[in-house]
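Asks: I'd like to ask some things about the structure below.
Taken together, the values in this text are just the output of simple stated rules run on the coordinates, not laboratory data. The structure presented is a predicted model; accordingly, all values stated were derived computationally and were not measured. No Cβ is skipped: glycine too gets one built from the backbone with ideal geometry, and neighbour counts run over all protein chains shown.
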Amino acid sequence: MKASSVPGVSGAEDKMRIILLGPPGAGKGTQAKVLAEKLKLTHISTGDILRQNVSKGTQLGKQAIEFMSKGLLVPDELVTKMLTQRFEQPDVRQGFILDGFPRNIRQAQTLDEILKQRNMSIDMVVYLDASEPVIIQRLTGRLVCSACGAIFHTKNMPPKKDMICDNCGGSLYQRADDQVKTIKNRLAVYQKESAGAIQYYEKQKKLHRLDADEEAETVINNIIHLTVQYNDSPKV
Ligand code: ADP
């Protein structure tokens, strides 16, 4: 194995561009945060950027909140504009993990255009496949840190101190859209919209499916294994 292909050891090949796809609750956010740290990549979560806009009360946040609170997708135009601005920032050059985008085929096509203009392309798409009972259990117990964004779970990953973040001491909260009714809407929207994006990457032979019902640590090890295989494979 080449030294530079070992995760965590820096080298040109570590500058990967990875997309995490999968239903809400599959663990995209949790896995993306760990992966970003291990592989020294920038984590870009469209959900996190939208929630920051909502809490700051920006124009975008005001427009997005009515869709987010119902579990609907924020219109492509708004999200795409937001993502294009995010791609202006220099940290994107060190490689990235995209979580929450694309959610449909139009967004997948737009992403390729945004990347092409910057001489970049996606290396690998990991599809995290989770079943509905697991998704509901995960999302209804999910806790998020209001300061650093770390993710906990009331049962699966409880914080050491009640409602306090282990990492930074910030207070934990439950996301407004993590209610059973909204979760079911998010799942329905996901099933309807995401098939096109999944096929798009299947056709490009970039899609790798993983069982995301497994424990977080197993899933992360499986993703890392995929990145090692990718870095060791000959590039055409
Ligand atoms: P989840 O995938 O668990 O639903 P996210 O944090 O990724 O959570 O997204 C939360 C909400 O933000 C979505 O329900 C949707 O309203 C909005 N959102 C996030 N990313 C996108 C996107 N790429 N396109 C449209 N809406 C988005």
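Asks: Among the numbered criteria (1) farther than 20 Å from Met16 by Cα; (2) without any contact (Cβ under 8 Å) to a residue 60 or more places away in the chain; (3) more than 9 Å from the ligand (Cβ to nearest atom); (4) not acidic (Asp, Glu), which one does Gln89 miss?
Replies: Tallying (1) farther than 20 Å from Met16 by Cα; (2) without any contact (Cβ under 8 Å) to a residue 60 or more places away in the chain; (3) more than 9 Å from the ligand (Cβ to nearest atom); (4) not acidic (Asp, Glu), Gln89 fails exactly one: (1).
Asks: Here's a follow-up. Residue pairs, Cβ under 9 Å, 6 or more apart or interchain, first in region 141-161 and under 18 Å from Leu35 (Cα atoms), second outside any loop (DSSP other than H, G, I, E, B) and among the polar types (S, T, N, Q). List them.
Replies: What qualifies is Gly149/Ser45; Ile151/Thr30; Met157/Thr30.
Asks: Here's another thing I want to ask about it. Taking interchain pairs and intrachain pairs at least six residues apart, which have beta carbon atoms under 7 angstrom, with the first residue in region 182-193 and more than 15 Å from Asp129 (Cα to Cα) and the second among the β-branched types (Val, Ile, Thr) and surrounded by fewer than 19 Cβ atoms within 10 Å (Cβ to Cβ)?
Replies: From residues that are more than 15 Å from Asp129 (Cα to Cα), the pairs are Ile183/Ile136.
For (1) on the phi < 0 side of the Ramachandran plot; (2) over 17 Å from the mean Cα position of the chain (by Cα), each residue gets a yes or a no:
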{"position": "Leu21", "(1), (2)": "yes, no"}
{"position": "Gly27", "(1), (2)": "no, no"}
{"position": "Ala36", "(1), (2)": "yes, no"}
{"position": "Arg51", "(1), (2)": "yes, no"}
{"position": "Arg86", "(1), (2)": "yes, no"}
{"position": "Phe101", "(1), (2)": "yes, no"}
{"position": "Gln107", "(1), (2)": "yes, no"}
{"position": "Lys116", "(1), (2)": "yes, yes"}
{"position": "Val134", "(1), (2)": "yes, yes"}
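Asks: Okay, next question. For region 56-75, give me the residue count where each residue is more than 9 Å from the ligand (Cβ to nearest atom) and of a type in the set (Ser, Thr, Tyr).
Replies: Within region 56-75, residues that are more than 9 Å from the ligand (Cβ to nearest atom) and of a type in the set (Ser, Thr, Tyr) number 1.
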